[in-house]
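These notes are about the structure you will find just below.
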Amino acid sequence: MILIPHTIPYPAELPPLRRDLLAGQPVSFPIHRAVKLRLRSPEKIRVSEWAAKYRVVADGAHVGPWRHEYAPHTVKIMDTFSKPHVREVWFCGVEQSGKTNTMLNCLGWCIDCDPGNIFYLMPTEDTAAKITGTKLRPTLQQSPRLARYLTARQDDLSLAKMSLRHGMTIFPSWANSASSMATFTAKHCFGDEVDKYPELAGKEADPITLIKKRNRTYKGRYKRFFASTPAGRFIYEGMRKCSQVWEFRVCCPECSALIRMDGEHMVLPEGTTAENIEQADLGYACNECGAIWTDQHRDQAIRAGSWVCVQGAEIPRPSKVGFHHRAWECLDIPLAEIAAAWLKAKSGPLADKIGWANGYEAINYEAEHQDRKEDHILRLVDPAMPRGVVPRDPCCLVVLVDTQRVGFYYQVWAYGWGRDMETWRVDHGFVEHFDHLTDIAAKTWLDADGKEYRASAGFIDSGGGTDPHQPKHSRTAEVYEFCRMHPFFRPLKGRRDMAQPWNTTRLDYYPSRQGKKIPIPGGLTLYTINVSMFKNELAAKLQIEPGDPGAFHLHAEVGSDYAQQMCAEYQDERGWWICPRGKPNHHWDISVYGLAGAEILRIRDRRPESAPQPVAPRKKGFVKGWKI
């Protein structure tokens, strides 16, 4: 009931006699429930808090009140959605990783705390009907907080639209019909299983573009949520294009390190196959401390895990945020299932490889392109050339280094004289510390006759990361300081699009940290190289047969690991060199540095001291009236 002072006009439904009797007196009358809902101020609460208080799960293995412990990774996703500056959330995850329930939590929060029309987009009309009948409608009916928004009319919960008491409407729609996404505006848009959408909605644009148009009138107030298992369409690339991207890491119960699990650290008994994996004594070795985990330890590691920002960490208020969640970090997927899929993907048919990429790593499958074969690289191995032995009478030796998050890959090259520039790989390997690099630079190398040589220069890349799954780490400041203290080494940085083969940049400051500019004493020269050009040159050089001029020679201990890395990259239709995700290419990169270093040092122009110097050609002209 509400009191109405006599200064406010009486309700029209009161008869005149009643109005006369009550003149000057307070009166009261009931307010309709729908009006109360419209007048109510929304509760200021995060989505995760709202879900824990009000959401009731209607189906699945965990029916009943929502509990975060069943899907701890979803808490940050939900809370990110409720941040006022966030406009879009992209959730790329494997099957049964809580994508739909996370969306329903955010949808329920929108109904209760940020009302406005909603589009809920599914791949087809059939899937839209299923999601409405089995998840959306039961969620509204069984969650008391949401049930109070339902009307008594049966038609208000149809497939076409779901009308609620406080004036908002939910429009279930399907991606293969542009008309189901037309006409109405919406404050919020939810796209479920977006990689099952068709590329085009009828004869119009793609469904993602069409559904975004529903928000045009809600400038700066709309919210969008897209979720799916990747299948080469929208979700994976959409997630990667977000201004900020997060990946989940598990926390080791022994050393408390945040770990990104992978197949290389699986502990499998000898002879284990995908068929007998259920009987095997499986384990996982921590990437940092080596402690062996069981399924129980893995569950503990997942529950103690956290999200790590791998892109856009410096952006304080991102508008688009992506989340990447794999099977390794999913409580409902046992380790045996993951191990079986991993073993199948290693040697199985194409379907197993695609299934592993999409259903377990939650990435798009990338076909393996190899312009070069391992045998083609290994044909360059010279059995008569021991590791560490220099060929007779080289032009010079150079040390080449590829910087990693931890440690360094290196090669030592010997260059031949002349324009053909024959090259030999004298040594290669991996070291952990900068001091080891200085030891290699100071080392004395011998040829077959016992003649001594030392490297005359070194090139080291400036410290970028190579693992696409890891944050783009930066050791640039360390590399700059190392090069400043050891001028033998020159820092390199690669660029794909350059007009010239290489150029130099004068560096006066280390990379800024927290806005502070720290000067480099004496300055430093950075060499930027055109990696596209030098990779093309390297691919061509690898085609030269060992006995021909300008050949590329490998010492006797080069094995399949080196050859695999030299075959990792391929050229796409644009002519860009691409390295598939998860494939190491360190020695390929170092070989690029070797050719770039030869250009910087002008090795092709060098001549032995005993060789006759080339005579400059005479210029044509006129002397005393005679043409010469």
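All of the numbers you see were taken from the coordinates with simple rules; none came from a lab. Just so you know, these numbers come straight off a predicted model, no measurement behind them. Cβ placement follows ideal geometry from the backbone for every residue including glycine, while neighbour counts extend to all protein chains displayed.
In table form, for the structure just shown:
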read-out: Distance violations [Cα-Cα > 19 Å] among Lys212/Lys320; Lys223/Lys320; Lys99/Lys130; Lys99/Lys196; Lys83/Lys135; Lys44/Lys76; value: Lys83/Lys135
read-out: Cα-centre dipole for the range 496-551 with unit charges at Cβ (Lys and Arg positive, Asp and Glu negative), debye to 20; value: 520
read-out: Relative packing of 413-425, 271-283, 551-563, which averages over residues the other C-beta atoms within 10 Å, highest first; value: 413-425, 551-563, 271-283
read-out: Among Trp424, Val399, Phe81 the positive-end extreme of the charge dipole of the chain (Cβ point charges); value: Phe81
read-out: Sequence of Asp572, Asp206 once ranked by neighbouring C-beta atoms within 10 Å, starting from the fewest; value: Asp572, Asp206
read-out: Positive dipole terminus of the chain, leading residue within Ile377, Pro144, His166 (C-beta point charges); value: His166
read-out: Computed label-point distance, nm, for sites Thr209 and Val308 using a 7 Å Cα→Cβ extension; value: 3.7
read-out: Extension gain (nm, one decimal) between Glu278 and Glu254, 0.36 nm per residue minus Cα-Cα; value: 6.1 nm
read-out: Order by protection proxy (mean Cβ within 10 Å, highest first), peptides 440-453, 130-143, 52-65; value: 130-143, 52-65, 440-453
read-out: Label selected from [x] 33.1, 131; [y] 30.1, 89; [z] 26.7, 86, the criterion being Rg and Dmax of the Cα atoms in Å as computed here; value: [x]
read-out: Net charge contributed by nearby residues that have their C-beta within less than 14 Å of His553 (K/R +1, D/E -1); value: -3
read-out: Relative contact order for the chain, counting Cα pairs under 8 Å that sit 6 or more residues apart, in percent; value: 10
read-out: Shape parameters for the range 296-369, alpha-carbon atoms, Rg then Dmax in Å; value: 15.3, 44
read-out: Contact order relative to length of the range 184-268, as percent, for alpha carbon pairs under 8 angstrom and 6 or more apart; value: 29
read-out: Mean ellipticity per residue at 222 nm, deg cm²/dmol - from DSSP H runs of n ≥ 4 across the chain, formula -39500 (n - 2.57); value: -7000 deg cm²/dmol
read-out: Sorted peptide list for 67-77, 112-122, 373-383, criterion being average Cβ within 10 angstrom, highest first; value: 112-122, 67-77, 373-383
read-out: Given charges at Cβ of Lys, Arg, Asp, Glu: the chain dipole, positive-most of Met533, Cys567, Gln311; value: Gln311
read-out: Separation between Cα centres of the range 128-187 and the range 314-387, rounded to whole Å; value: 40
read-out: Karplus-derived HN-Hα couplings along the range 393-407 (A = 6.51, B = -1.76, C = 1.60, θ = phi - 60°), whole Hz, x at Gly and Pro; value: 6, x, 5, 6, 10, 9, 9, 10, 9, 10, 7, 10, 4, 10, x
read-out: Potential lengthening between Lys83 and His68 on full extension [0.36 nm per residue; Cα-Cα distance subtracted]; value: 3.5 nm
read-out: Spacing of the two label points (7 Å from each Cα toward its C-beta) at Thr124 and Ala556, in nm; value: 6.4
read-out: Estimated dipole of the chain in Debye, rounded to 20 [Cβ of Lys and Arg +1, of Asp and Glu -1, Cα centre]; value: 3940
read-out: Difference of contour (0.36 nm per residue) and Cα-Cα distance, Ser243 to Glu270; value: 5.3 nm
read-out: Taking the range 221-262 and dividing mean pair separation by its residue count, relative contact order in percent (alpha carbons under 8 Å, at least six apart); value: 20
read-out: Estimated FRET transfer efficiency (Arg221, Asp548; beta-carbon r; R0 51 Å; 0.05); value: 0.15
